[in-house]
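A short write-up of the structure that comes next.
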């Protein structure tokens with residue numbers, strides 16, 4: 001059964017304190033909030049603490065509010081101004097190049113490009129890809145959504161609506177709801193199923209839209225956004241590339257499921273969400289060994305990063321599935337693999353007890369940072385105090401994620 005995770009005792013004591021500073025706003029905090037990706041009561045508790053001026057909460061929200069303030073006068077994100085059009089000739093179609101592919105030095109024109117796993121080709125990044133605009137849009141709307149909810153200031157909500165209209169609704173500037181031309185390879189193809197992973201931001205986008213709705217999202221914007229999500233979901237489930245990505249037996253397939261499941265739940269399609277959640281059990285069987293190893297990820301040149309990335313997707317899926325009555329967290333495959341065992345496999349490395357010696361291009365410390373953060377988030381979501389006892393990386397300043405995924409450690 002699912003366990004309930006709680007915010008720290010400090011936050012709870014703040015909520016009960018009768019000697020708090022004067023309220024920032026007279027707005028009534030909604031006490032029942034349902035979110036797709038994490039428990040809504042956490043958002044309510046954070047808002048109440050912020051309203052009362054609790055110092056840790058106030059400090060943690062500073063970065064989010066600062067980013068939201070920057071967005072008030074920032075650019076309007078769109079993918080239509082790119083210099084190189086996709087094969088369709090339509091600037092509204094998303095386009096990107098496979099990041100680990102490079103010109104062939106043995107060919108005069110460099111074609112076809114060749115793969116160098118884990119080595120990012122700078123020619124595939126920045127303005128040459130629509131990914132930068134899509135990522136900036138997702139981050140901007142997230143900051144504005146939280147700022148609108150926590151401060152009750154309409155200026156943030158209205159700006160978020162402006163960004164959403166431009167990126168998802170306005171026919172002149174919106175991104176069409178498909179990824180037919182994502183992660184193409186010059187000399188080989190114009191798009192691949194692997195490009196679908198570039199829109200994993202849709203999981204967070206669901207949360208942003210739900211938080212904005214709590215802040216009074218314009219019904220027309222909500223309807224237009226849900227229409228875009230429904231169209232993208234349909235493309236994922238029926239297109240050739242979508243079906244191919246669904247069949248991938250590594251992080252690509254896992255994050256495909258996370259995208260699909262989060263949108264199904266958000267759109268109220270709970271019966272279909274339950275069916276999809278049940279199919280994740282097959283992924284656990286094929287991707288997690290009885291000892292918790294994830295062989296498809298360990299085969300990569302960034303083995304720790306990809307093991308963590310895939311386990312994050314499984315953790316997301318376990319939480320989502322639990323909201324529609326499917327228990328993936330406690331599921332064990334016929335071969336003995338399970339999500340907790342995947343954590344057990346990584347735990348000695350996260351604790352610093354054993355050195356990671358498998359391939360890991362780049363900074364190992366950065367990869368371990370992500371692994372340790374994931375332990376804290378999983379411990380928070382599933383009430384596992386042993387996970388919370390894994391040393392969490394130090395942070396230069398508190399942030400919103402650490403309030404949302406506050407983690408109680410087991411008594412020693």
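Any read-out appearing in this document is the output of simple, stated calculations on the displayed coordinates, not a laboratory observation. Everything quoted here is computed from the prediction, not taken from an experiment. Methodologically, a virtual Cβ is constructed for each residue, glycine included, from the backbone with ideal geometry; neighbour enumeration extends over all protein chains shown.
Could you tell me which of rounded, prolate or oblate describes segment 76-247, using a ≥ b ≥ c as the square roots of the eigenvalues of the alpha-carbon gyration tensor, with rounded for a/c under 1.5 and, failing that, prolate when a/b is larger than b/c and oblate otherwise?
prolate
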**Fill in**
The extension gain from residue 59 to residue 401, computed as 0.36 nm times the residue separation minus the Cα-Cα distance, is 121.9 nm
**Message:** Taking the number of other C-beta atoms within 10 Å as the exposure measure, put 67, 157 in order starting with the fewest.
**Reply:** 67, 157
**Item:** FRET efficiency, 1/(1 + (r/R0)^6) with R0 51 Å, evaluated for residue 155 and residue 190 via beta carbons
**Value:** 0.80
**Message:** Neighbour counts of other C-beta atoms within 10 Å: give me 128, 275, 42 arranged from fewest to most.
**Reply:** 275, 128, 42
**Additional length obtainable on full extension of the chain from residue 83 to residue 386, 0.36 nm per residue less Cα span** = 104.0 nm
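Return the FRET efficiency for the residue pair residue 364, residue 240: r is the Cβ-Cβ distance, R0 is 41 Å, and the value is rounded to the nearest 0.05. Mind dumping the intermediate values first?
On the way: r = 38 Å, r/R0 = 0.93.
Calculated value: 0.60.
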**Fill in**
Read-out Cα Rg over 2.2 N^0.38 Å, candidates (1) 1.00; (2) 1.04; (3) 1.09; calculated match is (1)
**Prompt:** Between residue 247 and residue 172, what is the label-to-label distance in nm when each label sits 7 Å out along the Cα-to-Cβ direction?
**Reply:** 4.3
**Request:** Just the ratio, please: alpha-carbon radius of gyration of segment 138-185 over 2.2 N^0.38 Å, N its number of residues.
**Result:** 1.44
**Request:** Quick one: plug the Kirkwood hydrodynamic radius of segment 288-412 (C-alpha pairs) into Stokes-Einstein at 25 °C, 0.890 mPa s, and report D in µm²/s.
**Result:** 164
**Message:** Contact order normalised by length for segment 76-247, with contacts defined as Cα pairs under 8 Å and 6 or more residues apart; what percent is it?
**Reply:** 26
**Item:** Over the chain, relative contact order from alpha-carbon pairs under 8 Å, at least 6 apart, %
**Value:** 18
**Asked** How many nm separate the modelled label positions at residue 121 and residue 109, each set 7 Å beyond the Cα in the direction of the Cβ?
**Response** 1.4
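In what order do 131, 52 fall by count of nearby beta-carbon atoms within 10 Å, going from fewest to most? Before the final figure, lay out each step's value.
Details: 131 23, 52 19.
By the 10 Å Cβ count, ascending, the order reads 52, 131.
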**Message:** Tell me whether segment 107-149 comes out rounded, prolate or oblate; compute the Cα gyration tensor, take square roots of the eigenvalues as a ≥ b ≥ c, and use a/c under 1.5 as the rounded threshold.
**Reply:** prolate
**Message:** For the chain, set up a GNM with springs between Cα atoms under 10 Å and report which of 330, 176, 250 has the largest fluctuation.
**Reply:** 330
